[in-house]
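Structure record follows, encoded as structure tokens.
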Amino acid sequence: MTEFLLSVHVLVAIVTVGSITVAASMFPRVALRACGGGEERDGRSEGTGTAVLLHRVCTGYAVAGVVVPVFGIATGAQLGVLTDAWLIVSLVLTVAAAVLLGLAVLPGQRRLLALAEGAATAEEARPTASRLSMTTGMFNVLWAVVVVLMIVRPGSTTGA
């Protein structure tokens, strides 16, 4: 059973968190390009359509990503490591990343999309895009630390 739980945990983490980190990292540049104008297609610039798609990827996978800590906790319970410091720190960082995503990254994307769809210039949107890039970078660093903790498991008695 442990192998199944761990497999689902890792697979869902790769698919959801990986997709969010890539899409969220691409979003500010694409949305900023949409603000600078571009080819029109169906009443919106092509860059705006791509930005909308990237935002949908981030939003959809954020919802699906709830499965990652659920299976992670179940795996930790099976292994008897729920009270290990590395796992507790990983869970705290996971919650911090989720809060950052929900309260800063996704709303920042919506603000930048509104600027792009409202015909803002790239110069007007640049401060919002810069803040969003920084916030997205912090989100990505949190996940990188969680991955390292999951691999190294400092102080773990289960062996690395």
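The values are calculated or read from the model by the stated rules, or taken from the named source; none is laboratory data. All values reported here derive from a predicted model rather than from experimental measurement. Glycine gets a Cβ as well: all are built from the backbone with ideal geometry, and neighbour counts include every protein chain shown. Note: areas computed on protein heavy atoms with side chains; ligands, DNA, RNA excluded. Shrake-Rupley method; radii C 1.70, N 1.55, O 1.52, S 1.80 Å.
Mind checking whether some residue in the stretch 80-90 is part of a helix (DSSP H, G or I), under 30 Å from Pro154 (Cα atoms), touching a residue at least 40 places away in the same chain (Cβ under 8 Å) and open to solvent by 60 Å² or more (accessible area, probe 1.4 Å)?
Yes: one or more hits.
Go through the residues of the stretch 127-142 one by one and say whether even a single one is touching a residue at least 40 places away in the same chain (Cβ under 8 Å), of a type in the set (A, V, I, L, M, F, W, C) and over 18 Å from Ala24 (Cα atoms).
no
So which residues in the stretch 65-79 are open to solvent by 40 Å² or more (accessible area, probe 1.4 Å), of a type in the set (A, V, I, L, M, F, W, C) and assigned to a helix (DSSP H, G or I), if there are any at all?
Within the stretch 65-79, Val67, Val70, Phe71, Ile73, Ala77, Leu79 qualify.
Listed residues Gly37, Gly60; which is more than 15 Å from Ala97 (Cβ to Cβ) and modelled with pLDDT of 95 or more?
Answer to the check: Gly60.
Can you say whether Val141 is modelled with pLDDT of 95 or more, in a helix (DSSP H, G or I) and open to solvent by 40 Å² or more (accessible area, probe 1.4 Å), as far as the supplied structure shows?
yes
Results for (1) closer than 29 Å to Ala125 by Cα; (2) without any contact (Cβ under 8 Å) to a residue 60 or more places away in the chain; (3) out of contact with any helix residue (DSSP H, G or I) (no Cβ under 7 Å at 6 or more places or on another chain), shown as yes or no for each residue.
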| residue | (1), (2), (3) |
| --- | --- |
| Met1 | no, no, no |
| Val57 | yes, yes, no |
| Gly72 | no, no, no |
| Leu93 | no, yes, no |
| Ala96 | yes, yes, no |
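If a residue must be of a type in the set (S, T, N, Q) and open to solvent by 20 Å² or more (accessible area, probe 1.4 Å), how many such residues does the stretch 96-127 contain?
Qualifying residue count for the region: 1.
Criterion first (open to solvent by less than 60 Å² (accessible area, probe 1.4 Å), of a type outside the set (Lys, Arg), modelled with pLDDT under 95 and within 18 Å of the chain's Cα centre (by Cα)) does Leu149 satisfy it?
yes
Scan the stretch 121-132 and give yes if some residue there is among the basic types (Lys, Arg) and modelled with pLDDT of 95 or more, otherwise no.
Within the stretch 121-132, one or more residues are among the basic types (Lys, Arg) and modelled with pLDDT of 95 or more.
Among the listed residues Ala125, Ala119, Ala96, which satisfies the condition of being over 24 Å from Phe71 (Cβ atoms) and in a helix (DSSP H, G or I)?
Of the residues listed, the single one that is over 24 Å from Phe71 (Cβ atoms) and in a helix (DSSP H, G or I) is Ala125.
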